[in-house]
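*Asks:* Starting off with a structure, shown below.
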Amino acid sequence: MSEWQECKLGEQINLKRGYDLPKRLRTDGCIPIYSSSGVTGFHSEEKCTGPGVIAGRYGTIGQIFFSKEKYWPLNTTLYVQDFKGNNELFVYYCLQQIDWEQYNDKSAVPGVNRNDVHQEEISLPPLPEQEVIAQVLSSLDDKIDLLHRQNKTLEAIAETLFRQWFIEEAQDDWEEVPITELFEIRDGTHDSPKKKTVGKSLITSKHILDGHLDIGNAYLISDEDFNKVNQRSKVDTGDVLFSMIGTIGLIYFEQSQSIDYAIKNIGLFKTSQSPDWAIYTYLWLRSSVGQQFIEEHKSGSTQEYVSLGSLRSITFQIPQEDTLKKFNALASEYFRKISLNFSQISTLEKLRDALLPKLMSGEVRVAIAPDTELLSSAKIP
């Protein structure tokens, strides 16, 4: 690694605090506005040209974002004002390796000060190797992004079919049946089991993401507490989860054959008891009808919630049996593909996360052809 140089971050890039932009001063446009948690709106003018790298400095600390186009970084962020000749994508991945929390609250004002981050010691490869490292990592991110976009398209198709078949073309003679006659509705534990450093995952509303569960960041509990929670609210393949408190209405359809988590403050639609109603229930909750029901049944002032009793009061219009079977035959293929895509996403994310620190430290080296194009394999010293 003799050609790599040890240096301070501030010697290689210049970070700058973002700019205030109150909502009253924003005008409609296509320029993304970045806060510490990502794109939070759009504006008619930019503060920076792309490509750009933005980091959360206040509120959500240390999330890193890459903008290919013009953008506006808010004052809750730091952005790279000067790359000083370094590859922009490499810098994006380099900043992901920093422990940003260690720089939090070092100054009188809460948040991260750019001058502190500038002192971070980094190892920097020559520009050709920066470019190849960035290419390796970005190719994985591009594939992950493609699979996410495919899933959004597949789910949108399923939602369109559901709306057409069961809302727009619903028949007057379809019987209304309480959902509890089709399957049970339960909820997760309301207790707070003691946190463990090693154990089973306890999923809450904040772990229900767009189409998947953030199990990696879940609270861990003992096997004893795990078994106790699952006595009343065990999740099985084919069940639907629903966030009942805090951020209400997040929905997840569990298709995995291997389930190793418990739930807290989450509604559990036991559609595994009536598999024909699993996809229907998931799409009903996401539909305009389901969203209207959720909005009308919210309670609470300081923290909103939907009660278990409200969920149990849901009624479905029951279509003819052959109609439901035809719908499931179509929709199940979309959801099967979505599940396969998420499995591939998980594999790619693990590969990227394993490669990232090794590539950025030089533990794993990439071979560079004379024209600096990426070769098919990496050299491991």
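The values are calculated or read from the model by the stated rules, or taken from the named source; none is laboratory data. Predicted, not measured: the structure shown is a model, and the values here were computed from it. Cβ: placed from backbone, ideal geometry, glycine included. Neighbour counts: every protein chain shown. Accessible surface is based on the protein model in full, side chains and every heavy atom, while ligands, DNA and RNA are left aside. Shrake-Rupley method; radii C 1.70, N 1.55, O 1.52, S 1.80 Å.
*Asks:* Counting only residues that are under 19 Å from residue 257 (Cβ atoms) and in a strand (DSSP E or B), which one in region 209-241 is most open to solvent (accessible area, probe 1.4 Å)?
*Replies:* Among them, the one singled out is 213.
*Asks:* Hey, another quick one. Scan region 354-364 for residues that are under 15 Å from residue 94 (Cβ atoms) and part of a helix (DSSP H, G or I) and jot them down.
*Replies:* Hits for region 354-364 are 355, 356, 357, 358, 359, 360, 361.
*Asks:* Considering region 264-277 alone, what residues qualify as being in contact with a Lys or Arg (Cβ under 9 Å, 6 or more places away or on another chain) and within 14 Å of residue 203 (Cβ to Cβ)?
*Replies:* Selection gives 267, 268.
*Asks:* Moving to a separate point now. Taking region 135-166, which residues are among the β-branched types (Val, Ile, Thr) and touching a Phe, Trp or Tyr at 6+ places or on another chain (Cβ under 9 Å)?
*Replies:* 157, the sole residue that qualifies.
*Asks:* Okay, next question. What is the one condition in (1) open to solvent by 70 Å² or more (accessible area, probe 1.4 Å); (2) without any contact (Cβ under 8 Å) to a residue 24 or more places away in the chain; (3) in contact with a Phe, Trp or Tyr (Cβ under 8 Å, 6 or more places away or on another chain) that residue 24 does not satisfy?
*Replies:* Here residue 24 meets the rest and fails (3).
*Asks:* Next question. Within region 180-197, can one find any residue that is in contact with a Phe, Trp or Tyr (Cβ under 8 Å, 6 or more places away or on another chain) and farther than 30 Å from residue 261 by Cα?
*Replies:* No, region 180-197 has no match at all.
*Asks:* Could I ask something else about it? Return only the number of the condition from (1) open to solvent by less than 10 Å² (accessible area, probe 1.4 Å); (2) under 18 Å from the mean Cα position of the chain (by Cα); (3) not aliphatic (A, V, I, L, M) that residue 90 does not satisfy.
*Replies:* In the conditions (1) open to solvent by less than 10 Å² (accessible area, probe 1.4 Å); (2) under 18 Å from the mean Cα position of the chain (by Cα); (3) not aliphatic (A, V, I, L, M), residue 90 misses (2) alone.
*Asks:* Related question: Taking region 195-219 as the region of interest, how many residues are aliphatic (A, V, I, L, M) and in contact with a helix residue (DSSP H, G or I) (Cβ under 8 Å, 6 or more places away or on another chain)?
*Replies:* Number satisfying all stated conditions: 5.
*Asks:* Let me ask you something else. May I ask you to verify whether residue 123 is touching a strand residue (DSSP E or B) at 6+ places or on another chain (Cβ under 7 Å), surrounded by fewer than 16 Cβ atoms within 10 Å (Cβ to Cβ) and closer than 21 Å to residue 359 by Cβ?
*Replies:* Yes.
*Asks:* Within region 82-137, track down each residue that is among the acidic types (Asp, Glu) and part of a loop (DSSP other than H, G, I, E, B).
*Replies:* Correct list: 99, 105, 120.
*Asks:* I'm checking my understanding of the structure. Among residues of region 311-324 that are farther than 11 Å from residue 280 by Cβ and part of a helix (DSSP H, G or I), which one is least open to solvent (accessible area, probe 1.4 Å)?
*Replies:* 311
*Asks:* Kindly provide the set of residues from region 6-21 that are outside any strand (DSSP E or B) and loosely packed, with under 12 Cβ neighbours inside 10 Å, ordered by number.
*Replies:* 20
*Asks:* So is residue 162 in contact with a strand residue (DSSP E or B) (Cβ under 8 Å, 6 or more places away or on another chain), modelled with pLDDT of 95 or more and on the phi < 0 side of the Ramachandran plot or not?
*Replies:* For residue 162, the condition - in contact with a strand residue (DSSP E or B) (Cβ under 8 Å, 6 or more places away or on another chain), modelled with pLDDT of 95 or more and on the phi < 0 side of the Ramachandran plot - is not met.
*Asks:* To continue, here is another question. Mind checking which residues of region 42-71 are over 21 Å from residue 89 (Cβ atoms) and open to solvent by less than 20 Å² (accessible area, probe 1.4 Å)?
*Replies:* Answer for region 42-71, where residues must be over 21 Å from residue 89 (Cβ atoms) and open to solvent by less than 20 Å² (accessible area, probe 1.4 Å): just 43.
*Asks:* To continue, here is another question. Scan region 161-195 residue by residue and report those that are open to solvent by less than 30 Å² (accessible area, probe 1.4 Å), part of a strand (DSSP E or B) and in contact with a Ser or Thr (Cβ under 9 Å, 6 or more places away or on another chain).
*Replies:* 177, 187, 189
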